[in-house]
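Student: A single structure is presented below for examination.
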Amino acid sequence: MTENLKLLAVLAHPDDESMGVGGALAKYAAEGVETRLVCATRGERGWFGPEEANPGFARLAEIRTQELDAAGKVLGLKEINFLNYVDGDLDRAHPEDVIGKIVAHIRRIKPQVVVTFSHDGNYGHPDHIAISQFTHAAILCAADTTFNDPEERSPHRVSKLYYVVDSEEMAMVLKKYLGDIEFFVDGQARGESPWKDWMITTRVDLSSAWKTAWDAILCHRSQLPSIAPLLDLAEDEVRRLLTLQGTFYRAYSLVNGGRERETDLFEGLR
Ligand SMILES: [Zn+2]
């Protein structure tokens, strides 16, 4: 009885949905769950080619929107919505403005389960951290009868919120193929921040979905230079990497709890 189950991913950039949550989105869509995405930016700063070939913000936004549309079809997403903030500037957006927009989507879609980035942005990306914070606030406000969203919709209470997290094993495999992810924000180095095994509340079996996730990743052609070493991997290695994508942290749940590890984001709701 998976009818009417709804999963909403709220993320920052085109490709986050495939590289971060592709397996779970594909798996649940294949089971008949309605899966949707709210993407905060169009990724116009994500250029990995030679600088002289950079098509510029407006064109790159178009290219990445098309890539996301293609990936969304592969993953079986029912709907993709952009919030149209500028890539890289999300943490400077006006909170009430962003939160109001996410609230309007939550109230319209009425998902039982929402997935976003963890508070560490998985590897410290400021946009990922920002969308995580905004999504938390939006879930609170969506249920609050006194909060008015721009579309004046009626309240909706989300039952479960998840972070997509990278396990230590995932971080190890990524490091093996891609080396250390390191970049500087405000003069401090940031990088992959893996979650210990005991912190992971939920492990979703992606053995039937990893290939769809990989096909979706490959739709993001403009981003493939950033993961070039993965393109040469044997299928077995891609499978190993992408089945490791199924790790989540249950940030809260109104319907279940405890230490026993879940295997389903909808546990307690079916
Ligand atoms: Zn991202």
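Student: I need the calculated FRET efficiency for the pair ARG261 and ARG221, taking r as the beta carbon distance and R₀ as 35 Å, to the nearest 0.05. Could the numbers behind the result be given before it?
Tutor: Values: r = 36 Å, r/R0 = 1.03.
So the FRET efficiency works out to roughly 0.45.
Student: HN-Hα J couplings of the range 253-270 from phi, Karplus 6.51/-1.76/1.60, θ = phi - 60°, integer Hz, Gly and Pro as x?
Tutor: 8, 8, 10, 7, x, x, 8, 5, 6, 7, 10, 8, 5, 9, 4, x, 10, 8
Student: If you bin the C-alpha pair distances of the range 1-61 every 5 Å from 0, what whole percents do you get?
Tutor: 4, 17, 21, 16, 14, 11, 8, 5, 3, 1, 0
Student: Which residue, ALA24, ALA189, ALA61, tops the fluctuation ranking in a GNM of the chain built on C-alpha contacts under 10 Å?
Tutor: Top of the fluctuation ranking is ALA189.
Student: I've got another one for you. So if the hydrodynamic radius of the range 6-252 is defined as the Kirkwood radius over C-alpha pairs, what does Stokes-Einstein give as its diffusion coefficient at 4 °C and 1.567 mPa s, in µm² per second?
Tutor: After rounding, the answer is 71 µm²/s.
Student: Accessible area per residue of the range 9-93 at 1.4 Å probe, in Å²?
Tutor: 38 Å²
Student: Given labels modelled 7 Å from the Cα in the Cβ direction, how far is it in nm from SER193 to ARG59?
Tutor: 3.7 nm
Student: Charges on Cβ only, +1 for Lys and Arg, -1 for Asp and Glu, centred on the Cα centroid of the range 6-252; of ALA71, MET172, ALA29, which one is farthest towards the dipole's positive end?
Tutor: Comparing the listed Cα positions along the dipole, ALA29 ranks first.
Student: Just the projected area, averaged over all directions, of the convex hull on the alpha carbon atoms of the range 78-152: how many nm²?
Tutor: Result: a mean projected hull area of 5.2 nm².
Student: Pull up the cross-link candidates among the lysines for LYS211, meaning alpha carbon to alpha carbon under 18 Å and not fewer than 8 places away within one chain.
Tutor: Cross-link targets: LYS27, LYS73.
Student: If each of LYS175 and LEU254 carries a label point 7 Å out from its Cα toward its Cβ, how far apart are those two points in nm?
Tutor: That separation, rounded to one decimal, is 4.0 nm.
Student: As a check on your grasp of the helix formula, calculate [θ] at 222 nm for the chain: sum -39500 (n - 2.57) over DSSP H runs of n ≥ 4, divide by the residue count, round to the nearest 500.
Tutor: -12000 deg cm²/dmol
Student: Follow-up. Given a 10 angstrom Cα cut-off, can you work out which residue in LEU25, LEU233, LEU244 is the most mobile in a GNM of the chain?
Tutor: Of LEU25, LEU233, LEU244, the most mobile in the Gaussian network model is LEU233.
Student: Farthest toward the dipole's positive end in the chain, which of ALA138, LEU60, TRP210, given Cβ charges of +1 (Lys, Arg) and -1 (Asp, Glu) about the Cα centre?
Tutor: ALA138
Student: How many angstrom lie between the Cα centre of the range 1-36 and the Cα centre of the range 187-229?
Tutor: 14 Å
Student: Related question: When only C-alpha pairs under 8 Å and at least 6 residues apart count, what is the relative contact order of the range 6-252, in percent? Intermediate values should be presented prior to the final figure.
Tutor: Details: 470 pairs, mean separation 64.1, N = 247.
Relative contact order here is 26 percent.
Student: Carbon and sulfur together cover what percent of the accessible area of the chain at a 1.4 Å probe radius?
Tutor: 50 percent
Student: Picking from ARG36, ARG157, ARG92, which is most flexible by a Gaussian network model of the chain using Cα springs under 10 Å?
Tutor: Answer for the Gaussian network model of the chain: ARG92.
Student: To continue, here is another question. Run the dipole for the chain about the Cα centre, Lys and Arg Cβ at +1, Asp and Glu Cβ at -1, nothing else charged, and hand back the magnitude in debye, nearest 20.
Tutor: Here the chain has a charge dipole of around 780 debye.
Student: Continuing with this model, one more query. Going by Cα centres, the range 109-128 and the range 64-93 are how many Å apart?
Tutor: 14 Å
The values are calculated or read from the model by the stated rules, or taken from the named source; none is laboratory data. Note that this is a predicted model, so its numbers are computed, not measured. Positions of Cβ are generated from backbone atoms using ideal geometry, with glycine treated the same way; all protein chains shown enter the neighbour counts. Calculation scope for accessible area: heavy atoms of the full protein, side chains included, ligands and nucleic acids excluded. Shrake-Rupley method; radii C 1.70, N 1.55, O 1.52, S 1.80 Å.
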